[in-house]
1. By what distance, in whole Å, do the Cα atoms of region 40-114 stretch along each of the three principal axes, largest value first?
2. Mind sorting Val78, Val42 by how few other Cβ atoms lie within 10 Å of their own Cβ, fewest first?
3. For the pair Asp108 and His48, how long in nm is the line joining their label points, each one 7 Å along Cα→Cβ?
4. Using a Förster radius of 41 Å, what is the FRET efficiency between Ala59 and Ile152 based on their Cβ-Cβ separation? Nearest 0.05, please.
5. Just want the ordering: Leu154, Leu46, from fewest to most Cβ atoms lying within 10 Å of their own Cβ.
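What follows draws every value from the coordinates through simple rules; no lab data is involved. Worth saying up front: this structure is predicted, and the values here are computed from it rather than measured. We place every Cβ from the backbone using ideal geometry, glycine too, and count neighbours over all the protein chains shown.
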Amino acid sequence: MHRSMDEPTGPAELPGARSHPAASTEYADPGGDGTPLPDPAVLTALLHRYGWQRRGGAAGRYSRWSPPGTAAGASLLVPENTAFPDTEDLLAEALTALSRSAAPSARDILVSLAVPSDEVRWWREIPESAAGAAGASGWAETEELRSAARQILLAGALAARGRAGYH
């Protein structure tokens, strides 16, 4: 079968697919292009996770965050919630400051905000058995945990490709 000269030869664009966050300009002009701003609680959690230090702010209204390390950098004002009228302005300014920040963690925070994801945390509880008394779980329990993790990750990967009832 011959292909028409007008037909594209590159890979088909997936419906609803987004460009890689490193190449994305999603927060270059926060909120100006209709892009929804992130939840302040999510931004606060990411700042804390990446080592930014909370340095005060008006209790219940906003918090001030400084980049990790001893290097002096621009601090961010992040609203505590969306109840105040200046929430969007503060979030937009915080994201703009993050995009201009020299801190290596700033890019990681922006990528984490741009990529929709879920977080799965696993822990192992040692059963009350001979293996548990020795401080180690048995092979069967370890394999069950790995199998469950594999099934959840596979279901998540399949669900990311399209809507379906994967369990």
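1. Answer, in whole Å and largest first: 31, 26, 19 Å.
2. Val42, Val78
3. According to this spin-label approximation, the distance is 1.7 nm.
4. On the way: r = 39 Å, r/R0 = 0.94.
Working from the Cβ atoms, E equals 0.60.
5. Numbers: Leu154 11, Leu46 19.
Ascending number of Cβ neighbours within 10 Å: Leu154, Leu46.
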